[in-house]
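Everything below concerns the one structure shown next.
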Amino acid sequence: MPVSSLIVRTTAGAAPRAAHAVGALAGVTSCAVDDTDLVVITETRATAEDEALWKRIEQVEGVLAVELIYHNFEDLEEKTQ
Amino acid sequence: MTPTTRRDFLIRSAQLAALAALGARTAGAQSGLLTALPDGLTWQKAPCRFCGVGCGVLVGLRDGRVVAVQGDPKSGVSRGLLCAKGYHAGALLYGKDRLTHPMIRRNGRLEKATWDEAVDLIADKIMADPKRFGIYGSGQWTIGEGYVNLKFAKGGLGSNHIDPNARLCMASAVVGFVTTFGVDEPSGCYDDIDECDTVITWGNNWAEMHPVLFSRFADRKKATGEGGPTYIDLATRRTRSTELADHYLEFVPQTDLAIANCICQQLIARGTFDKSFVLKHVRFKANDGGDLTLEQFDAFLQDYTPAKVAKYSGLSVEQLGMLADVFGDPGRRVLSLWCMGMNQHTRGTWINNLVYNVHLLAGKIGKPGSTPFSLTGQPSACGTCREVGTLAHALPGGRVVTEPAHRKECEDLWNAIPGAIPEKPGFHTMAMFEALAKGDLAGMWVQVTNPAQSIPHLHKNLANAADRFVVVSDIYPTVTTEIASVVLPSAGWVEKNGVFGNSERRTQQWFKMVDPPGEARDDVWQVLAVAHRMYEKGFPGLRDRNGNFLLAVRDDDGKEVEAWKWEVFDGPFNVDRALFEEYRGLTVKKHKDLAPYDEYTKQPGMRWPVTRDASGQWRETKRRFVEGEDPYVAAGKGIQFYGAKAGDDRAIVWARPYEPPPEVPDAEYPFWLCTGRVLEHWHTGTMTRRIPQLLGAMPRAYVELNPKDAERLGVLTGDVVRVRSRRGQIDLAAWVDGRAVPQEGSVFVPFFDETRLINRVTLDACCPMSKEPDYKKCAVRLEKVSS
């Protein structure tokens, strides 16, 4: 169950609207940090799904670039810490 | 959120990582946040395994496996960023077909063997004909791996037949540096990206090849907007880099030689060159090495007026004038970047010289933001190949085998028999494969590289290789292991200790973090084991002056450690540290000083020369040759090119002419072919094709066409097109209007795909000075095979 974080760059002023659109994708939570940057968390069932999801984020209106920051790909079982 | 599950922890960690990376970049700060992520993983630093940028990676470990990767915000190179390849670096270790045991070819088939059998066989084969055995290595060798191989070959076998695959990527840069400045490697650094007013890329698609550096500039350009830095993309193909460019200047292949001369011609004609800099720091030479005056150099340049160059370069008089405007503006800080577009060139050395000419005439070197900067493609092409000196003519620390004093210094440090190192350079890469084909070499040990895919003109240069004794050390099966007599399974990246040196002279260390799979073992151990077996069998070259093992590894007290035994090598003693400390003693002569190994364990890296300051602290050097930055520049000099062979502290401006390429499109083969890399894959794809995300994003090689050519040929994206040259042919799917657009009359094919070997088609013509082949220009024809 990979968990990743991304910084998403948008055109000036587009971040809030892009955050909303990106956040509507399944397995994604996002928030706008300022008017051009989003922090996005993705959760997928398998690493094979990561790339497709990130490409969908790239295609959201106003998005200029998607930069992967953190990528955890361990076999994740839900364990209480 | 109060984390309650492991998943919650990871989500929280991911958020913190992104916020820290944003903070590190927007504030230029180096946040310590990430080393304390609450995700229950152990995090350790390493440089990225892939390209020459040298990004800092934090590797997340759990239960003896790499399970997470993030950018290291403390890295002065990447500041928390990584590219698509870097983020998946952990997965390169876990492909399903890792090599896990030695194999020996028997009756035509590779069969499982023991380490003892393999080591014994290799030792016997080398001893049978040591002078006809070559070692073909890599810019992906760690410094320890390169050093031990060099000492084994040059000190032990008495053979200079050792050369790396870096010959194929940066040899022209080396000869360019040495002929202009007298010493190798850049004077500038990545900080110049943050301080320049204009970037010019010379045939370099850094958005895909060096993406983190590109992002560093793109961030700055975006943040500053109008009035910020400008970008000129001087290229033969529109790429992702072009999307950021203020000016895209498309030139005819090979005419970069004429364009550089044209800039110089205009600087002198307009009087906008930096006269005081030239008077103090430059001298002029003719192509044959004779001295020239400025006036004579100007006379040479009269063949390169804008009107003349515009006739064949593809650039207009106005575009050529604009380039001269940029370099002639005394207040403008200009950064030139290049990589394979200039180095893989039948006049690769000359074009390197010519770009230095432009910067030297303009006085745009040695100032923050103003420098010519040669990028590299492999993670330690600089650290291992150029600094350690794993080239056929070289010795460590900038020494060469042709200098008696240099050979003696190495022999003395190694306590080798005087005269052990031959004075004649060995076979360079292209000659090495030709020798293997002809039988002049009886065998070869290939480490960390895949020549059966990467050597140009494969039919010719790999002919008969399968009939020779070829040993291949690698982590995965490749097309090269298919022709091997012996295959040795290697440890990869963080499965071993290592040190890399990147493009900006930065040396970066990492510790072993996880065990290699099965029986896979470090390449350093493999060499030590074979060398010691030869010593045990009485091979004289591996005895030092006292009869002891030449490649002995010693602890801090000088006591020998039995590092050829795997259980010792794999124990607590750090062999990599011992090798680094021995090598470090050879780095001072040419002012490439390194700090002690232990200093590199404390931080992401330091740029050499690294010397102690008055307070006893080890201090790196951002810019060489610059007073106040480089400790070897004398007070009052300002700029001092202290490597100058004439001893006059001057760099050389060379009168290098335009020369047409050896093969140009004609009626029979009407297209230029250019080859290269893509964002998702690295070199021959041995690692990146095992990473599902990267393979999924770019599964196969393709042929990229200009839309006008495609329309004329009736080719659509996805159609199968045969690319044929005088040397061979392959069939590829067409890509039109894709990620990049080659100029009309040219095509591009990436070389990562082992199922579609473009090097059956490429030409093996080389730069006669650097011996680096030109993968960027040959003539092909296209035939549509099917829709």
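Data overview
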{"item": "Meets criteria (surrounded by 15 or more Cβ atoms within 10 Å (Cβ to Cβ), more than 9 Å from chain B (Cβ to nearest Cβ) and within 9 Å of the chain's Cα centre (by Cα)) for A:Val66", "result": "yes"}
{"item": "Within the range B:550-664, helices (runs of 4 or more DSSP H) holding 1 or more residues that are buried (at least 22 other Cβ atoms within 10 Å of the Cβ), among the charged types (D, E, K, R) and touching a strand residue (DSSP E or B) at 6+ places or on another chain (Cβ under 8 Å)", "result": "B:575-584"}
{"item": "Residue match in the range A:18-33 (condition: more than 8 Å from chain B (Cβ to nearest Cβ) and closer than 19 Å to B:Pro211 by Cα)", "result": "no"}
{"item": "Test for A:Thr11: is it among the polar types (S, T, N, Q) and in contact with a helix residue (DSSP H, G or I) (Cβ under 8 Å, 6 or more places away or on another chain)", "result": "no"}
{"item": "Out of B:Glu111, B:Glu117, sole residue that is more than 12 Å from chain A (Cβ to nearest Cβ) and either modelled with pLDDT under 95 or not in a helix (DSSP H, G or I) (or both)", "result": "B:Glu111"}
{"item": "Selected residue (only one of B:Ala595, B:Ala644 is of a type in the set (A, V, I, L, M, F, W, C), over 20 Å from B:Thr180 (Cβ atoms) and not assigned by TED's automatic domain parsing to the domain that holds B:Leu395)", "result": "B:Ala595"}
{"item": "The listed residue being closer than 30 Å to B:Thr180 by Cβ, part of a loop (DSSP other than H, G, I, E, B) and touching a residue at least 24 places away in the same chain (Cβ under 8 Å), out of B:Leu763, B:Leu716", "result": "B:Leu763"}
{"item": "Hey, B:Glu226 within 27 Å of B:Glu195 (Cα to Cα) and part of a loop (DSSP other than H, G, I, E, B) or not", "result": "yes"}
{"item": "Members of the range B:320-348 found to be part of a helix (DSSP H, G or I) and either in contact with a Phe, Trp or Tyr (Cβ under 9 Å, 6 or more places away or on another chain) or surrounded by fewer than 17 Cβ atoms within 10 Å (Cβ to Cβ) (or both), listed by number", "result": "B:Met322, B:Asp325, B:Phe327, B:Gly328, B:Met340, B:Gly341, B:Met342"}
{"item": "Condition broken by B:Ile691, with the remaining ones in (1) within 27 Å of B:Glu243 (Cα to Cα); (2) out of contact with any strand residue (DSSP E or B) (no Cβ under 8 Å at 6 or more places or on another chain); (3) buried (at least 23 other Cβ atoms within 10 Å of the Cβ) satisfied", "result": "(1)"}
{"item": "Any hit, the range B:611-620, residues being hydroxyl-bearing (Ser, Thr, Tyr), closer than 24 Å to B:Gly398 by Cβ and in contact (Cβ under 8 Å) with a residue 40 or more places away in the chain", "result": "no"}
{"item": "Enumeration of residues in the range B:665-687 that are touching a strand residue (DSSP E or B) at 6+ places or on another chain (Cβ under 8 Å) and modelled with pLDDT of 95 or more", "result": "B:Pro665, B:Asp666, B:Glu668, B:Tyr669, B:Pro670, B:Phe671, B:Trp672, B:Leu673, B:Cys674, B:Thr675, B:Gly676, B:Thr686"}
{"item": "Of all residues in the range B:688-701 being within 11 Å of chain A (Cβ to nearest Cβ) and outside any helix (DSSP H, G or I), the one that is farthest from B:Phe50 (Cα to Cα)", "result": "B:Met698"}
{"item": "Those residues of the range B:1-44 which are under 24 Å from B:Arg506 (Cα atoms), at pLDDT 65 or above and more than 12 Å from chain A (Cβ to nearest Cβ), in sequence order", "result": "B:Gln44"}
{"item": "Test: B:Thr449 is assigned by TED's automatic domain parsing to the domain that holds B:Thr429, within 27 Å of B:Asp184 (Cα to Cα) and buried (at least 22 other Cβ atoms within 10 Å of the Cβ)", "result": "yes"}
{"item": "Residues being farther than 25 Å from B:Arg79 by Cα and within 9 Å of chain B (Cβ to nearest Cβ) - total across the range A:1-17", "result": "1"}
{"item": "Of all residues making up the range A:34-60, the number that are within 9 Å of chain B (Cβ to nearest Cβ), closer than 19 Å to B:Ser215 by Cα and free of Cβ contacts under 8 Å to residues at least 24 places away in the same chain", "result": "2"}
{"item": "Odd one out for B:Glu704 among (1) assigned to a loop (DSSP other than H, G, I, E, B); (2) within 21 Å of B:Pro253 (Cα to Cα)", "result": "(1)"}
{"item": "Among residues of the range B:67-92, those that are in a loop (DSSP other than H, G, I, E, B) and either within 11 Å of another protein chain (Cβ to nearest Cβ) or buried (at least 23 other Cβ atoms within 10 Å of the Cβ) (or both), counted", "result": "11"}
{"item": "Filter result (in contact with a helix residue (DSSP H, G or I) (Cβ under 7 Å, 6 or more places away or on another chain) and more than 30 Å from B:Trp493 (Cβ to Cβ)) within the range B:424-439", "result": "B:Glu434, B:Ala437"}
{"item": "Qualifying residue in the range B:96-103 (condition: within 30 Å of B:Lys125 (Cα to Cα), more than 14 Å from chain A (Cβ to nearest Cβ) and either without any contact (Cβ under 8 Å) to a residue 40 or more places away in the chain or in a strand (DSSP E or B) (or both))", "result": "yes"}
{"item": "Count of residues meeting criterion [of a type in the set (A, V, I, L, M, F, W, C), in contact (Cβ under 8 Å) with a residue 60 or more places away in the chain and part of a strand (DSSP E or B)] in the range B:395-423", "result": "1"}
{"item": "Residue match in the range B:45-60 (condition: at the interface with chain A (Cβ under 9 Å from one of its Cβ atoms) and modelled with pLDDT under 90)", "result": "no"}
{"item": "Looking only at the range B:234-260, and only at residues there that are of a type in the set (D, E, K, R) and part of a strand (DSSP E or B), the one that is surrounded by the most Cβ atoms within 10 Å (Cβ to Cβ)", "result": "B:Arg237"}
{"item": "Flag for B:Asp731 being in contact with a Lys or Arg (Cβ under 9 Å, 6 or more places away or on another chain), surrounded by 14 or more Cβ atoms within 10 Å (Cβ to Cβ), at positive phi and not in a helix (DSSP H, G or I)", "result": "no"}
{"item": "Number of positions in the range B:261-294 that are in contact with a helix residue (DSSP H, G or I) (Cβ under 7 Å, 6 or more places away or on another chain), in a loop (DSSP other than H, G, I, E, B) and surrounded by fewer than 18 Cβ atoms within 10 Å (Cβ to Cβ)", "result": "1"}
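Table: residues versus (1) outside the structural domain of B:Asn461 (by TED's automatic domain parsing); (2) closer than 17 Å to B:Val183 by Cβ; (3) out of contact with any Lys or Arg (no Cβ under 7 Å at 6 or more places or on another chain).
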| position | (1), (2), (3) |
| --- | --- |
| B:Pro396 | no, yes, yes |
| B:Trp414 | no, no, no |
| B:His428 | no, no, no |
| B:Ala431 | no, no, yes |
| B:Lys438 | no, no, yes |
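The values are calculated or read from the model by the stated rules, or taken from the named source; none is laboratory data. Keep in mind the model is a prediction, meaning the values are calculated, not measured. Quick reminder, even Gly has a Cβ in these numbers, built from the backbone with ideal geometry, and neighbours come from all protein chains shown.
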